[in-house]
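Worksheet for the structure shown next.
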Amino acid sequence: MDRFRKAPKGARVSAHQLVFHMHGSERSAQTVRFGIFEADLQTGELYKNGIKVPLQGQPFQVCSLLLEHAGELVTREELRQRVWPEDTFVDFEQALNTAIAKIRVALGDEADNPRFVQTLPRRGYRFIGPVAKTDPQPVTQAVAPVTSKGWFDSLTVRTKWLASTMLLALLTGIGIWWSSKNYADALPPIEVAPLAALSGVQSDPDFSPDGNQVAFVLEGTENCGIYTTMVGGEKSLKLTSDCHDSSPTWSPDGRRVAFYRYDANGIAIYAVPAFGGNEQRLYKGPWNPRATGLSWSPDGNMVAFSEGQANWNGARISLLSLVDSTTRQLTSPSDQEIDSAPAFSPGGSTVAFVRGILAGAVGDLYVVPAAGGVPTRLTFDKTWIDGSPTWTPDGRDIVFSSARGGLFSLWRVSASGGTPRPVAGVGVGRFQSFHLP
């Protein structure tokens, strides 16, 4: 008997809908526990030691199906019928492989030595970890007797955790609202914590569009290359194995990561699937040792990059078309200037960048229309700017890491010009990447 009911032809099934059919036509609202993880099949949420793990949409649906039939083979065809019905126009093979990769990253699992998800080549997948299912308790109208304990003591551990979290969120919200009355330039609270437990030097971090993952470069070790890791996760995913890769940058849809690669003949720009796969070379050009920062246009059709010149007379910002592979020069610095670290505005109409001098790393922040034109200078510090600038979501301001105050810290300036203001509450330090929600 087929344990999955196929969606009627022509019916539309939301990517967030997942209904299991067990014990007749009853709907399950089970909580499934395995190891230190807990999956709420009704709400579509995954927790690790009580902390929510980013796993949503189709990857969670696939995970739920595997959990529901733990120990059994779930074929690729069954997954296609259940998660990707006939009227869903996607590359099923790529979508399923991506979903499985996301599940393994969330669980810290390995394909070669799995603890949870086992691959049966060309057939499907099996969940092999021990699973404990908890059926929902029947709802009654009985009133709990009053005891000498307080109301908070009578709650379950999970309920207490949720209540405490909501109270903390409420107090934090009040604090942010009160602070914003006096410090309009403050960003959300910043927490500094280690991200990836890997030996070597980790640099060039870049947040994924949803803020759930970070791509970065690992140097100083034989395992050097570009990696990605889940925020709050344990295991990192290696995307490349070349020690000359730098500036990883996520595509707007979060499906690819672009990066620079140096070799003896010059510099190239590559893109690799965010969950591993074959690299694609997008551009090959002259040597540019100061090349830093890449930026995808919001529509995903262009990449802004720092382009060197054959006689090594500085570097300019150029736009690479991913439609026809042509390049268009955007800035025209002098032979003694280097333009680098481009960043598209949220609407894609403007590109911010850093202009420095050939003799040193000092520079200032500029903006230029993406359609071309004369750049506008925003800072006049002639000091070090670290990493690429980041636009605020409304496109009005630009946040950048600079030593303009003597020590590195975050600063904020209007995209139309004005006096930079320090970002309150972040202290001093070098910030190569930051995510503005």
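In segment 366-399, which residue that is in contact (Cβ under 8 Å) with a residue 12 or more places away in the chain and of a type in the set (A, V, I, L, M) is farthest from TRP411 (Cα to Cα)?
Among them, the one singled out is ALA371.
What number of residues within segment 116-138 satisfy the criterion of being modelled with pLDDT under 85 and outside any strand (DSSP E or B)?
Residues in segment 116-138 being modelled with pLDDT under 85 and outside any strand (DSSP E or B): 8 in total.
Please state which one of GLU68, GLU45 is of a type in the set (D, E, K, R), crowded, with 21+ Cβ neighbours inside 10 Å and at pLDDT 85 or above.
GLU68
When you check SER340 against the structure, is it in a strand (DSSP E or B), polar (S, T, N, Q), in the same structural domain as SER251 (by TED's automatic domain parsing) and touching a residue at least 40 places away in the same chain (Cβ under 8 Å), yes or no?
Yes.
Name the single residue, out of those in segment 378-393 being over 18 Å from SER306 (Cβ atoms) and among the charged types (D, E, K, R), that is surrounded by the fewest Cβ atoms within 10 Å (Cβ to Cβ).
LYS382
Could you tell me how many of the residues in segment 36-86 are under 27 Å from the mean Cα position of the chain (by Cα) and part of a strand (DSSP E or B)?
So the answer is 11.
Restricting to segment 281-304, count the residues that are under 16 Å from ASP324 (Cβ atoms) and either in a strand (DSSP E or B) or acidic (Asp, Glu) (or both). Before the answer, list the steps.
Step one: list which residues in segment 281-304 are under 16 Å from ASP324 (Cβ atoms), which gives 281-284, 297, 299-303.
Then drop every residue that is not either in a strand (DSSP E or B) or acidic (Asp, Glu) (or both), which leaves 281-284, 299, 302-303.
So the answer is 7.
Go through the residues of segment 359-377 one by one and say whether even a single one is among the small types (Gly, Ala, Ser), in a strand (DSSP E or B) and modelled with pLDDT of 90 or more.
no
Filter segment 322-335 down to the residues that are out of contact with any strand residue (DSSP E or B) (no Cβ under 6 Å at 6 or more places or on another chain) and exposed (fewer than 15 other Cβ atoms within 10 Å of the Cβ) and list them by number.
Matches in segment 322-335: VAL323, ASP324, SER325, THR326, SER332, SER334, ASP335.
Suppose we filter LYS238, LYS181 for residues that are basic (Lys, Arg), out of contact with any Lys or Arg (no Cβ under 8 Å at 6 or more places or on another chain) and either at pLDDT below 90 or on the phi > 0 side of the Ramachandran plot (or both); which single one remains?
Details: LYS238 fails: either at pLDDT below 90 or on the phi > 0 side of the Ramachandran plot (or both).
Matching residue, one of LYS238, LYS181: LYS181.
For the structure I just gave you, tell me whether SER388 is hydroxyl-bearing (Ser, Thr, Tyr), part of a strand (DSSP E or B) and assigned by TED's automatic domain parsing to the domain that holds ASN265.
When the stated conditions are applied, SER388 passes them.
Within the set of pairs 6+ apart or on separate chains, which have a first residue in segment 212-241 that is farther than 23 Å from GLN280 by Cα and in the same structural domain as ARG255 (by TED's automatic domain parsing), a second that is surrounded by fewer than 19 Cβ atoms within 10 Å (Cβ to Cβ) and at pLDDT below 85, and C-beta atoms under 6 Å apart?
ASN212/VAL231; GLY220/GLY200; GLY220/VAL201; THR221/SER199; THR221/GLY200; GLU234/GLY108; LYS235/GLY108
Go through segment 223-266 and count every residue that is among the small types (Gly, Ala, Ser), within 25 Å of THR390 (Cβ to Cβ) and part of a loop (DSSP other than H, G, I, E, B).
Of the residues in segment 223-266, 4 are among the small types (Gly, Ala, Ser), within 25 Å of THR390 (Cβ to Cβ) and part of a loop (DSSP other than H, G, I, E, B).
List, please: which pairs have Cβ atoms under 9 Å, are six or more places apart or on different chains, and start with a residue in segment 308-331 that is more than 15 Å from VAL351 (Cβ to Cβ) and modelled with pLDDT of 90 or more and end with one that is outside any loop (DSSP other than H, G, I, E, B) and among the aromatic types (Phe, Trp, Tyr)?
Here the result reads LEU322/TRP296; SER325/TYR283, each pair linking segment 308-331 to a residue that is outside any loop (DSSP other than H, G, I, E, B) and among the aromatic types (Phe, Trp, Tyr).
The values are calculated or read from the model by the stated rules, or taken from the named source; none is laboratory data. Predicted, not measured: the structure shown is a model, and the values here were computed from it. Every residue, glycine among them, receives a Cβ derived from its backbone with ideal geometry; neighbour counts consider all protein chains shown.
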